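So the structure is just underneath, and the comments pick up after that.
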Amino acid sequence: MGTITRQDFIDSIHDALQYISYYHPPDFIRAMHEAWQREQSPAARAAMAQILINSRLCAEGHRPICQDTGIVNVFLKVGMDVRWDTDQGIDEMVNAGVRLAWQEAGNPLRGSIVSDPAGARRNTGDNTPAVIHMDIVPGERVEITVAAKGGGSENKSRFAILNPSDDIVAWVLSQVPTMGAGWCPPGILGIGIGGTAEKAMLLAKEAILEPVTIHELQARGPQSRLEELRLEIFDKVNALGIGAQGLGGLTTVLDVKLRDYPTHAASKPVALIPNCAATRHVHFTLDGSGPVRLQPPRLEDWPVIAQDSQAHSRRVQLDGITADEIRQWQPGETLLLNGALLTGRDAAHKRIVDLLERDAALPDGLDFRGRFIYYVGPVDPVGNEVVGPAGPTTATRMDKFTETMLARTGLLGMIGKAERGPDGREAIRRHGAVYLIATGGAAYLVSKAIRAARVVAFGDLGMEAVYEFEVEDMPVTVAVDAQGNSVHESGPREWRMRIADIPIVR
């Protein structure tokens with residue numbers, strides 16, 4: 001029996017987190033590619049193409065798949081007979097590995113974890129602590145699953161305790177449309193059934209880390225009630241027509257994974273957790289023979305897809321753009337942005353709105369008149385990069401600031417991901433503004449369009465500071481036009497009707 005040393009454990013966690021930051025699981029890539037090949041919606045197909053192109057670029061360049069490099073989830077099965085050589089506990093060693101991974105000089109990852117979550121919400125700087133789940137099991141090995149879960153998908157988690165006679169499928173179908181597109185579909189739905197409230201949530205989280213196998217299940221047919229539910233939920237969720245990025249299309253989920261556990265006779269706890277287009281996880285085992293060195297997947301596992309965004313896109317010059325110009329844009333239209341835009345997320349918006357409400361001046365050089373703002377928190381650059389991966393964040397979180405921003409700053413437009421809520425759409429309509437989306441899950445690809453970057457204000461906020469980006473042919477889609485019409489309503493509605501004429505979408 002070997003001995004697992006402190007350094008072997010830490011190095012393995014470190015290497016695994018770097019590995020999953022730039023390598024999608026090959027089963028996920030195969031499923032996404034198959035969905036792209038089947039897709040009939042031009043907007044959804046283009047979004048999936050960007051996700052696949054981005055994934056290959058990240059695998060080649062060893063840079064993060066998404067700017068949101070996630071909150072670390074670690075699941076451990078520790079053998080009772082494992083021998084250790086360490087002066088630290090397992091939690092300390094996991095967090096030491098996380099710290100090393102996030103501070104890797106060649107591929108620094110974005111710190112997204114804040115302490116004092118109900119108060120100051122200060123960034124911990126190194127993405128610690130991880131969320132750790134541990135089971136003690138027979139044996140002489142430690143089995144480890146490492147995942148990095150993005151905030152956009154985690155925020156769309158759902159839970160309910162149903163009555164024993166309630167229909168699980170009906171509940172799932174009632175929840176998925178309320179999740180919007182902030183979880184960056186197409187992805188995977190994990191569903192936990194039974195146990196207690198926290199057990200159901202844990203089952204759902206573990207379920208989304210299983211391999212994508214829905215096509216194998218379809219081919220052989222179900223052999224249990226859970227497999228019947230998987231197939232039924234898979235077909236019925238895809239029949240909702242939500243599609244990639246919520247733009248409408250044939251594929252909303254690539255797989256549905258279920259786990260269950262015995263529960264109280266009076267209860268039926270059900271949890272739903274989605275995994276996004278930046279699905280990141282890996283499984284490995286430590287047996288005392290040294291640290292794990294994960295083998296890179298073959299680049300042949302990634303399809304080669306040409307990005308054809310220019311042929312059918314309107315090229316837009318942002319410098320000097322007018323309200324009359326943006327009134328011509330239509331929901332679902334693709335644009336290629338050129339020129340200067342500003343950035344900002346939750347923390348920057350709050351500071352700006354607080355200043356405006358006190359009639360205080362904005363920082364020198366921060367002028368939104370006639371300009372666009374991009375909701376983004378980029379990864380730090382390396383080498384000759386202007387900026388690291390810089391994909392969009394969920395725009396709905398900015399809805400509460402939108403009226404003030406449009407009314408008080410002269411802002412013309414916004415860029416993010418996912419839909420806008422009723423308040424955000426009404427503010428856009430009232431002020432004749434516009435909302436565009438970049439593809440969530442294509443952060444490295446988006447960063448290639450950024451030619452220059454500089455901090456304009458609030459540098460102390462780190463990745464949430466306000467930058468000015470100079471962009472060249474940055475691909476976006478008109479999501480809410482100047483009249484308040486939303487592609488996230490019209491797209492899924494159109495494809496839901498189309499899919500109704502297709503017996504089963506597979």
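General observations
- So Asp235, is it acidic (Asp, Glu), within 23 Å of the chain's Cα centre (by Cα) and either closer than 17 Å to Lys156 by Cβ or surrounded by fewer than 15 Cβ atoms within 10 Å (Cβ to Cβ) (or both): no
- Any hit, the range 116-127, residues being within 18 Å of the chain's Cα centre (by Cα), under 21 Å from Asp11 (Cα atoms), crowded, with 17+ Cβ neighbours inside 10 Å and not assigned by TED's automatic domain parsing to the domain that holds Ala449: yes
- Any chance Gly365 is assigned by TED's automatic domain parsing to the domain that holds Ser486, surrounded by fewer than 17 Cβ atoms within 10 Å (Cβ to Cβ), at pLDDT below 95 and more than 30 Å from Ser21 (Cα to Cα): yes
- Of the residues making up the range 151-161, one or more are aliphatic (A, V, I, L, M) and either assigned by TED's automatic domain parsing to the domain that holds Ala465 or farther than 27 Å from Gly89 by Cα (or both).
- Residue in the range 3-16 that is within 29 Å of Glu216 (Cβ to Cβ), in contact with a strand residue (DSSP E or B) (Cβ under 8 Å, 6 or more places away or on another chain), crowded, with 24+ Cβ neighbours inside 10 Å and at pLDDT 95 or above present: yes
- Residue within the range 399-407 that is hydrophobic (A, V, I, L, M, F, W, C), touching a Leu at 6+ places or on another chain (Cβ under 6 Å) and either crowded, with 19+ Cβ neighbours inside 10 Å or modelled with pLDDT of 95 or more (or both) present: yes
- Selected residue (criterion: farthest from Pro492 (Cα to Cα)) from residues of the range 177-192 that are in contact (Cβ under 8 Å) with a residue 60 or more places away in the chain and surrounded by fewer than 23 Cβ atoms within 10 Å (Cβ to Cβ): Met179
- Residue within the range 487-498 that is modelled with pLDDT of 95 or more, among the hydroxyl-bearing types (Ser, Thr, Tyr) and either in contact with a Ser or Thr (Cβ under 8 Å, 6 or more places away or on another chain) or crowded, with 17+ Cβ neighbours inside 10 Å (or both) present: no
- Scanning the range 83-115 for residues that are closer than 16 Å to Val382 by Cα and outside any loop (DSSP other than H, G, I, E, B) returns Ala101, Trp102.
- Any pair with Cβ under 6 angstrom, 6 or more apart, that starts in the range 132-156 at a residue that is in contact (Cβ under 8 Å) with a residue 60 or more places away in the chain and ends at one that is in a helix (DSSP H, G or I): Val146/Ala16; Ala148/Ile20; Lys156/Met179
- Residue match in the range 25-39 (condition: at pLDDT 95 or above and within 24 Å of Asp287 (Cα to Cα)): yes
- Qualifying residue in the range 326-335 (condition: surrounded by 19 or more Cβ atoms within 10 Å (Cβ to Cβ) and in contact with a Phe, Trp or Tyr (Cβ under 9 Å, 6 or more places away or on another chain)): yes
- Just so you know, in the range 265-294 the residues that are charged (D, E, K, R) and at pLDDT 95 or above include one that is surrounded by the fewest Cβ atoms within 10 Å (Cβ to Cβ), and it is Asp287.
- Residue match in the range 421-428 (condition: free of Cβ contacts under 8 Å to residues at least 24 places away in the same chain, within 17 Å of Pro331 (Cα to Cα) and assigned by TED's automatic domain parsing to the domain that holds Ala479): yes
- Pick from the range 17-51, criterion under 16 Å from the mean Cα position of the chain (by Cα) and of a type in the set (Ser, Thr, Tyr), ranking: surrounded by the most Cβ atoms within 10 Å (Cβ to Cβ): Ser21
- Looking only at the range 117-133, residues that are among the hydrophobic types (A, V, I, L, M, F, W, C) and out of contact with any Asp or Glu (no Cβ under 9 Å at 6 or more places or on another chain) come to 3 in all.
- Checking Ser447 against (1) more than 23 Å from Leu240 (Cβ to Cβ); (2) in contact (Cβ under 8 Å) with a residue 12 or more places away in the chain; (3) out of contact with any Asp or Glu (no Cβ under 8 Å at 6 or more places or on another chain); (4) not acidic (Asp, Glu), the condition it does not meet: (3)
- Scanning the range 43-97 for residues that are without any contact (Cβ under 8 Å) to a residue 40 or more places away in the chain and not polar (S, T, N, Q) returns Gly89, Glu92.
- Spans of strands (runs of 3 or more DSSP E) in the range 396-506 with at least 3 residues under 21 Å from the mean Cα position of the chain (by Cα): 413-416, 434-437, 466-480
The values are calculated or read from the model by the stated rules, or taken from the named source; none is laboratory data. Not measured: the values here are computed from a predicted model. Please note: Cβ atoms are built from the backbone with ideal geometry, for glycine as well, and neighbour counts cover all protein chains shown.
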